[in-house]
Structures are given as structure tokens and as C-alpha cells.
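Inspection log for the structure reproduced underneath, given as C-alpha cells.
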């Protein structure tokens, strides 16, 4: 009976040792899992920020204008250089003090504000440049993005006569 007790005690001690080894390995594995999960979370946040930045960059709006010589006088070209549609585009050419605005009123009133411009759309306005209008202007452009954001831009334009 003594031998049986010793054998039972040895088996119990071996079982306890195996349990401690198993517990140690489980704890080590769980720590590695936690570290792995933290790294995965970091990568997910980084990837999300990169995607948001790409969406923001590809979703930029930009409306520009320029004056060019056409077959019958000068025109103002208004172009959506952005990657997204824009709406309610308004433009004004502010001449230097003492000069008049160069727009032909019927053409301007009919086309401005531009309801919607898709990427690379271009609208042309007739200009009546003469001694009363001058050839240098400050262009003020205003537009809305599809999300409703209001954008404003000023630029200097010079007509070549």
C-alpha cells in the first residue's frame, strides 16, 4: 500500500508539473496573441487613415478660369479641374478701379451660376474687352462640392490683346 501511495504521489506531482508548464505556455501564447492583436489594430488604423487620405485627395474639387482669344473676340473659360462634380459655380471678374466688368450681360446671366460641372467640364463666356474694361482682372470663383462644402478662389487674369 505504501508503494501505491508513492506512485499516486509521483503521478500527482507529474500532473502538477505538466499543468504549470501548460499554464506557462498558455500565458506566453496569450501575451503573443495580445501583441499580435495590438499590431493588427495599429495596421488597421494606419490603413484606414491612408484610405481616408486617398479618398480626400481623389475627391478634391478645383475650378479655374482663363481668358483666351477666340475667332470672334475674347472668351473666359471656366473649367472644373477637380476629380469630383461641383455645383452652383459663380464667377466674377473684378476690374481695376475706374474700369467696367467685361461680361456680355445676356451670356453671363444665362450661364452663371453654373448649376453643375462634372470633372473636366468647361463653360465659355463671351467677354467684351474694350478701353472701358481694361485687360487685367481679379477673378473670384465660388462653388459648392456635392457634400455642400463652399469653396472660394481668387486669381489674377490678364487678357492678351
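Any read-out appearing in this document is the output of simple, stated calculations on the displayed coordinates, not a laboratory observation. Note that this is a predicted model, so its numbers are computed, not measured.
Values computed for the structure shown
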{"item": "Structure-derived volume of the Cα convex hull per residue in Å³ - corresponding label in (i) 153; (ii) 114; (iii) 135", "result": "(i)"}
{"item": "Whole-Å distance, taken between Cα centres, linking the stretch 14-57 and the stretch 133-161", "result": "53"}
{"item": "Extended-chain gain in nm, criterion 0.36 nm per residue less alpha-carbon gap, residue 87 and residue 13", "result": "18.7 nm"}
{"item": "Mean Cα-pair separation over length for the chain, i.e. relative contact order, pairs under 8 Å, 6 or more apart, %", "result": "21"}
{"item": "With Cα atoms, 0 to 90° folded angle of helix 2-58 axis to the chain main axis", "result": "0"}
{"item": "Relative contact order (%) - criterion: Cα under 8 Å, at least six apart; region: the stretch 63-158", "result": "34"}
